[in-house]
Amino acid sequence: MIKAPQVAIGERTPFYQAYQKWIEGQGIPIIRDFYIEDLRKVELAPWAWKGVRGAYLNLIGTGDVNDAYLCEIPPGKSVNPQRLLFEEMIFVVEGNGATTVWNDEDRKVTFEWQAGSLFSPPVNTWREHFNGSGTQPARFMAVTSAPPLITLFRDLDFVLNNPFVFKNRFDAGADRFSGKGETYLAKDRTVWDTNFIPDVRTQQLFSWDARGAGGSNVMIEMAENSMGAHISEFPVGTYKKAHRHGPGAHVIIIGGQGYSLMWPEGEAPKRFDWHDGSAIVPPEGWFHQHFNTGPNPARYLALRAAGKRFHQPWGKTYAVDESVKSGGDQIEYEDEDPQIRQTFERELAKQGLVCRLPPVTGLRAA
């Protein structure tokens, strides 16, 4: 695993003074790296604020536009009830249980979840998470918009104990977390708008040719969030085109095995091997590319700082589906370093597999 560069306290990012100081005072591990090899094996510590065990995943690629944490609920226990002014998108890593969401004590909504579920309590609603098993722990990962919120206001009481009710962000109807939703098109992408996905591993996807590899995809909007997500899958013996974008995309592997390459322009790629349960966050402006070397389709969930519906007021705009030759931010197969394809074919051969992508014509010389 490539370790994070050592940076003096107070010099990591402009957000250090508020957000970083807060998480460093929580008394739990803080992981600062490019990726996590297995979310199920991250060591956690008692977390008084949540009342369970946890760790922060303050990964390098977030740029502090968002961040993540892990929580593990002991058998038969629950997380302390909380209301938060920042958004959370919660992915269940393992276990099963239920969550109750409310603004009004007399109008609570409770829904059940399992490993692979994805949901988002609407902003500043109360939420309480319960482990449904009496024998096994339940672990989830939450990606949040806490860094810019805490840095903006610099008042934890305002962010963590704010009584304001966002009436347009939460409807206490019984079906709000039933898994129902609706689709719409945003340019060439299909978007699934919902509050709850029972299992991201079986969620319906739609063909998406722009990134190559014969892959499929669905964009996700949840709970009127400014943050967003997507699920992508690509077949055996294929890999995605290299591309770059803004910070904060937490890519969680939810099926298959392979590796990713990441690199800033002009530098050699760094390799990260992954499997079900791995997570990686490409830094802003770094090219990155995902390779399937296993016998099954590879699928990942990306929890991002920005969604399709609501514009975020930071960062540059990337043309992620347009070739770098025409000013975009995607490298077409014929323009990549020939060693990319050669290395991939060697890795497949180790598994008794072959590349299923068509030969590249006009590939530039090494």
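The values are calculated or read from the model by the stated rules, or taken from the named source; none is laboratory data. No experiment lies behind these values; they were computed from the predicted model shown. Every residue, glycine as well, gets a Cβ built from its backbone with ideal geometry; the counts of neighbours run over all protein chains shown. Ligands, DNA and RNA are excluded from the accessible area calculation, which covers all protein heavy atoms including side chains. Shrake-Rupley method; radii C 1.70, N 1.55, O 1.52, S 1.80 Å.
List of remarks:
- Total residues in the stretch 153-182, condition of a type outside the set (Lys, Arg), open to solvent by 50 Å² or more (accessible area, probe 1.4 Å) and at pLDDT below 90: 6
- Filter pass, residue 321 being within 22 Å of residue 188 (Cα to Cα) and open to solvent by less than 20 Å² (accessible area, probe 1.4 Å): no
- Filter pass, residue 37 being at pLDDT 95 or above and touching a Pro at 6+ places or on another chain (Cβ under 7 Å): no
- Yes/no for residue 220 being within 11 Å of the chain's Cα centre (by Cα) and crowded, with 19+ Cβ neighbours inside 10 Å: no
- Given (1) in a loop (DSSP other than H, G, I, E, B); (2) touching a Phe, Trp or Tyr at 6+ places or on another chain (Cβ under 8 Å), index of the condition residue 294 fails: (2)
- Filtered by the rule that a residue be open to solvent by 10 Å² or more (accessible area, probe 1.4 Å), closer than 25 Å to residue 156 by Cβ and under 19 Å from the mean Cα position of the chain (by Cα), the stretch 70-122 gives 72, 87.
- Some residue of the stretch 189-208 being closer than 26 Å to residue 47 by Cβ and assigned to a helix (DSSP H, G or I): no
- Scanning the stretch 184-196 for residues that are open to solvent by 40 Å² or more (accessible area, probe 1.4 Å) and closer than 22 Å to residue 113 by Cβ gives a single hit, 192.
- Residue identified as surrounded by fewer than 17 Cβ atoms within 10 Å (Cβ to Cβ), more than 28 Å from residue 102 (Cα to Cα) and in contact (Cβ under 8 Å) with a residue 24 or more places away in the chain among 33, 64, 38: 38
- Matching residues in the stretch 128-152 - criterion: being among the hydrophobic types (A, V, I, L, M, F, W, C) and either assigned to a helix (DSSP H, G or I) or open to solvent by 40 Å² or more (accessible area, probe 1.4 Å) (or both): 130, 146, 149, 150, 152
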